[in-house]
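This report refers to the structure that appears directly beneath it.
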Amino acid sequence: MSIPMIRLDHMSHIYEDAEGQEVYALKDISLQIEPGEFVAIIGTNGSGKSTLAKHFNVLLTPTEGTCKVCGMRTDDLDNLWKIRQQVGMVFQNPDNQIVAAIVEEDVAFGPENLGVPPDEIKHRVSDALKRVNMTIYAKHGPHLLSGGQKQRVAIAGILAMQSQCIVLDEPTAMLDPIGRREVMDTIRQLNAEGITVIIITHFMEEAVQTGRVIVIQNGELKMDGTPRSVFTKVDALKSMGLDVPAASELAFKLREKGIPLPGNIITKEELGDALCQLG
Ligand SMILES: Nc1ncnc2c1ncn2[C@@H]1O[C@H](COP(=O)(O)OP(=O)(O)OP(=O)(O)O)[C@@H](O)[C@H]1O
Ligand SMILES: [Mg+2]
């Protein structure tokens, strides 16, 4: 059996609020993510998604329970850099993640810090830019790029570290629809190449493209399953204040009106096909 990419056992995280009171941001979470999975984490504002993601590359450590990455406990300081090399994070704001004045230098930053020899760095940077479809921008200034292009440069920086897992915390929240599609296409492609991808998103149309959806509410794990098993529970998601993909919602409403559609529709294509078959 392979070692899980991420494994949480009864993990909780407590913050202190402004009055100094301890508040559970995550409560008793146990879950396992295998190498090669493509996972979406969804939940309303303040539900604990970012707090959860920050445990995956040791920006936070558990208050209770354990978090292991590639079998390494995150609360053991000896593991810190090995874990950070395995798991890269991409954040919401594309402008906060750029450190160099030229795209290829930005992508080289991680491996340079790891002490990788210059020839090997050159090779890794060119490979990483190719995989995110940004080769022609190698010599450009990052500030001239679109938001979607900047996010892809950030992803290339992680690839250049040869990380096995990419965690993206609302990477498309500040992008236009084209940028969103570019980023989603890129991470889908990388996942197909074997990279473990974990994406936090408020866009259900993005979550539907993954292989597994985890729902967090008030710091607790509420659902964990395929997009189909999660997004067909329209009532349960709505009662938590969450959206569902437009196709799930429309199919749900039509079924309520007595139109005999199957109960497992989650994409526009499936809805279109099912409507055509009504004749
Ligand atoms: N550094 C902190 N100190 C104290 N409380 C915090 C801190 N960071 C987050 N919290 C609180 O912990 C809870 C979970 O926050 P978190 O940022 O993980 O939620 P989220 O699901 O990512 O929300 P959003 O969708 O708005 O990004 C919230 O109640 C938040 O106010
Ligand atoms: Mg967040």
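Each value in this text was obtained by applying a stated rule to the coordinates, not by laboratory testing. Here the structure is a predicted model, which means the values were calculated and not measured. Positions of Cβ are generated from backbone atoms using ideal geometry, with glycine treated the same way; all protein chains shown enter the neighbour counts.
Observations, loosely collected:
- Using θ = phi - 60° in the Karplus curve 6.51 cos²θ - 1.76 cosθ + 1.60, the 3J(HN,Hα) couplings for the range 233-241 round to 8, 4, 4, 5, 5, 5, 5, 8, x Hz; x is entered for Gly and Pro.
- Additional length obtainable on full extension of the chain from LEU144 to HIS10, 0.36 nm per residue less Cα span: 43.8 nm
- Taking Cα atoms only, the orientation of helix 177-192 departs from the longest principal axis of the chain by about 80 degrees.
- Relative to the longest principal axis of the Cα atoms of the chain, the long axis of helix 118-131 makes an angle of roughly 20 degrees.
- Distance from the Cα centroid of the range 206-279 to that of the range 1-35 is 27 Å (rounded to whole angstrom).
- For GLU220, nonlocal amide neighbours, meaning residues 5 or more places apart or on other chains whose placed amide H falls under 5 Å from its own, are LYS27.
- GLU19-GLN32 pseudo-label distance in nm [points 7 Å out on the Cα-to-Cβ vector]: 4.1
- Relative contact order for the range 85-186, counting Cα pairs under 8 Å that sit 6 or more residues apart, in percent: 44
- Label-to-label distance, nm, for residues given as LEU80 and ASP224 (7 Å Cα→Cβ offset): 2.8
- Residue separation of ASP235 and ASP127 scaled by 0.36 nm, minus their Cα-Cα distance, works out to 34.4 nm of gained length.
- Taking the range 6-244 as the region of interest, the number of lysine pairs whose Cα atoms are within less than 20 Å, with members eight or more places apart or on different chains, is 19.
- D (Stokes-Einstein, µm²/s), Kirkwood Cα radius, the chain, 1.002 mPa s at 20 °C: 107
- Here's how it looks for LEU60: its modeled amide H is under 5 Å from those of HIS55, which are all 5 or more places away or on a different chain.
- Full extension of the chain between LEU250 and ILE102 gives 48.7 nm of extra length, using 0.36 nm per residue less the Cα-Cα distance.
- Ranked packing of 116-126, 9-19, 98-108, most packed first, by mean Cβ within 10 Å: 98-108, 116-126, 9-19
- Nearest-ten-degree value, helix 246-256 long axis tilted from longest Cα axis of the chain: 10
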